[in-house]
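K.L.:
My questions all concern the structure below.
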Amino acid sequence: MPPDIRLLATRFDPVVELARFTAAHPGAGGVVSFLGQVRSGAEDTPVLELELTHYAPLTLAGMDALGDDIAARWALDGLLMVHRVGSLGPGDPIVLVAAAARHRRDAFAAADFAMDHLKARAWFWKRERTAAGWRWIEPRAQDHADLDRW
């Protein structure tokens, strides 16, 4: 089954998405998921808004290529990657990655690989707004180190 990869400009419900994904893969012995959401920020600097922009000709194509790479590396029953763009508020879901496999190790590895690549090599520009104004968010050194594991 080909990976289910979506780029959305509107909110998604991770509970509904995960339930649908799990139901579609009844033969999987394990389903591993990761949900990334907008942080509320530090107590003294709450995040008011997160904005994700992207370059449309590359973003979905890059996500599709990542999905194909993951499907080639691990024995999966299914792979789901849903990513938001646009303006989001604290607590809003940003990304949902789920991997279904007969055995848990493949599902864990596939989901971990997907998130490391989305975090460090993403085709997105992120900035957050606090009371002090806007600031750009760049991948951290740890994000690149996580990617280097692969």
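Just so you know, all these numbers are worked out from the coordinates, no wet-lab data involved. Treat the numbers as computed from the prediction; the structure is a model and nothing was measured. Don't worry about glycine lacking a Cβ; one is built from the backbone with ideal geometry, like all the others, and counts go over all protein chains shown.
K.L.:
Any idea what the dipole of the range 4-148 comes to, in debye rounded to 20, about its Cα centre with Lys/Arg Cβ at +1 and Asp/Glu Cβ at -1?
P.N.:
It comes to approximately 120 debye.
K.L.:
If you don't mind, another one. Using Cα pairs closer than 8 Å and at least 6 residues apart in sequence, work out the relative contact order for the chain, in percent.
P.N.:
Over the chain, the number comes to 33 percent.
K.L.:
Still on this structure, please answer the following. What chymotrypsin sites (Phe, Trp or Tyr not before Pro) in the range 23-118 are in a loop by DSSP, with at most 13 other Cβ atoms within 10 Å of the Cβ?
P.N.:
Taking the range 23-118 and a limit of 13 other Cβ atoms within 10 Å, the loop chymotrypsin sites (Phe, Trp or Tyr not before Pro) found are Tyr55.
K.L.:
Right, something else. For the range 1-107, with the dipole built from +1 on Lys and Arg beta-carbon atoms and -1 on Asp and Glu ones, taken about the Cα centre, which of His54, His25, Ala65 lies farthest toward the positive end?
P.N.:
His25
K.L.:
Could you calculate the contour length gain from Ala23 to Asp68, that is, 0.36 nm times the residue separation minus the distance between their Cα atoms, to one decimal place in nm?
P.N.:
Length gained, Ala23 through Asp68: 14.0 nm.
K.L.:
Could you compute the net charge surrounding Arg127? Neighbours are other residues with a C-beta less than 11 Å from the C-beta of Arg127; K and R count +1, D and E count -1. Please report the intermediate quantities before stating the final value.
P.N.:
Working: positive: Lys126, Arg129, Arg135; negative: Glu49, Glu51, Glu128, Glu138.
Residues close to Arg127 contribute a combined charge of -1.
K.L.:
Right, here's the next one. If you bin every alpha carbon distance in the range 4-148 into 10 Å steps from zero, what whole percent lands in each bin?
P.N.:
Distribution as computed: 11, 39, 35, 13, 2, 0 percent.
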